[in-house]
Amino acid sequence: MRKYISLIAAVMLAVVFIAGCSNKNTNANDSQVSPAADNSDTAKDTQDKQDTGKTSGTEQGDGKLKVAASFYAMYDLAEKVGGDKVIVTDMVPAGIEPHDWEPAASDLANLEEADVFIYNGAGMEHWVDTVLDSLGNKKLIKVEASSGISLLEGDGKEETYDPHVWLNPEYAKEEMKSIRDAFVKADPDNEAYYNSNYDTYAAKFDELDKKYKESLTGLQNKDIIVAHEAFGYLCKAYGLNQVAIEGLSPDSEPDPAKMEEIIKFAKDNKVKVIFFEELVSPKVAETIANEVGVRTDVLNPLEGLSDEDIKNGADYISVMETNLNSLLKALQ
């Protein structure tokens, strides 16, 4: 309930935010801005860009499609297809776990100006229906990227379905196809360009899928212990079994009984590694690993990247290749 109250408040603030921007532009014609005030505005603009997430392309636009993506995986797929014809904004800032993130008034204002909004769906973005209902942007093309993909059932607690479809490269390719179709609809003059980009990266996703199949097929060990239940589609595609410390959302710590269950499973099945995620505290994974006498390692669900990952040029494919190497070390 608290989430929805804060989200409604953000919607109301967005109206004030947009009106305020309009008033500020009007007043700028009637008053002179001092150097001190100008520096303050520059600092505020810089902070606003940090608060609203990562943006590709140039700020001027130059006729490019303005695209908003609900979290990192959607951002990266959109960048791959859109190339230099789009400006993509990752709504969730770097280093933030997206499951409990909610858009601020400035995010809603950006959506009012966007041409395309890409979200995963399947319950990943709990805020999306409320936000879309509040928008007045009639030209906005909305892409529920997971639409049409066969979904796994949820954890029986809060989630009806498992939303983490993008961790199966074949499903990520399907999501990328939906994104391509939206870009073609919004910008038909560049249809050939979007199709070419899609074909290029679809082939890379096929190669990634082939690597996973060739590397993981035939392994005797199949069990992985993970921080939260994000890897169901990956495990189903490649014959693995995930045992999750938490459910589909990594927003709480397990009770003592659950901890004991995981520890017993790890010992009984000779699990070598307890996986955790960069954007979630490793404390619980480390506690279990210490009790079992094994090591921890990162398995990245691509819900978001750290500032360091982004600085180093990481993307969907490179992270998935790192994940594969981590899985092989844990299972061989």
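The values are calculated or read from the model by the stated rules, or taken from the named source; none is laboratory data. Quick caveat: nothing in here was measured; it's all calculated off a predicted structure. Note: ideal-geometry Cβ built from the backbone for every residue, glycine included; neighbour counts use all protein chains shown.
Tabulated data for the structure shown
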read-out	value
Verdict on Ile245 being crowded, with 17+ Cβ neighbours inside 10 Å and not assigned by TED's automatic domain parsing to the domain that holds Tyr72	yes
One residue from Gly154, Gly121 being assigned by TED's automatic domain parsing to the domain that holds Ser70, of a type in the set (Gly, Ala, Ser), within 21 Å of Asp90 (Cβ to Cβ) and touching a residue at least 40 places away in the same chain (Cβ under 8 Å)	Gly121
Subset of the range 176-203 [within 14 Å of Asp76 (Cα to Cα) and touching a helix residue (DSSP H, G or I) at 6+ places or on another chain (Cβ under 7 Å)]	Met176, Lys177, Ile179, Arg180, Asn197, Tyr198, Tyr201, Ala202
Checklist (1) closer than 28 Å to Gly247 by Cα; (2) hydrophobic (A, V, I, L, M, F, W, C); (3) in a helix (DSSP H, G or I) applied to Leu151, failing item	(3)
Elements of type helices (runs of 4 or more DSSP H) in the range 225-324, at least 1 residues being modelled with pLDDT of 95 or more	232-238, 256-268, 283-292
Enumeration of residues in the range 158-178 that are part of a helix (DSSP H, G or I) and aromatic (Phe, Trp, Tyr)	Trp166, Tyr171
Filtered residue count, the range 118-146, keeping only those that are surrounded by 17 or more Cβ atoms within 10 Å (Cβ to Cβ), under 23 Å from Leu248 (Cβ atoms) and of a type in the set (A, V, I, L, M, F, W, C)	8
Residue match in the range 156-172 (condition: among the acidic types (Asp, Glu), over 18 Å from the mean Cα position of the chain (by Cα) and more than 21 Å from Lys213 (Cα to Cα))	yes
Residue match in the range 252-273 (condition: within 16 Å of the chain's Cα centre (by Cα) and over 15 Å from Asp223 (Cα atoms))	no
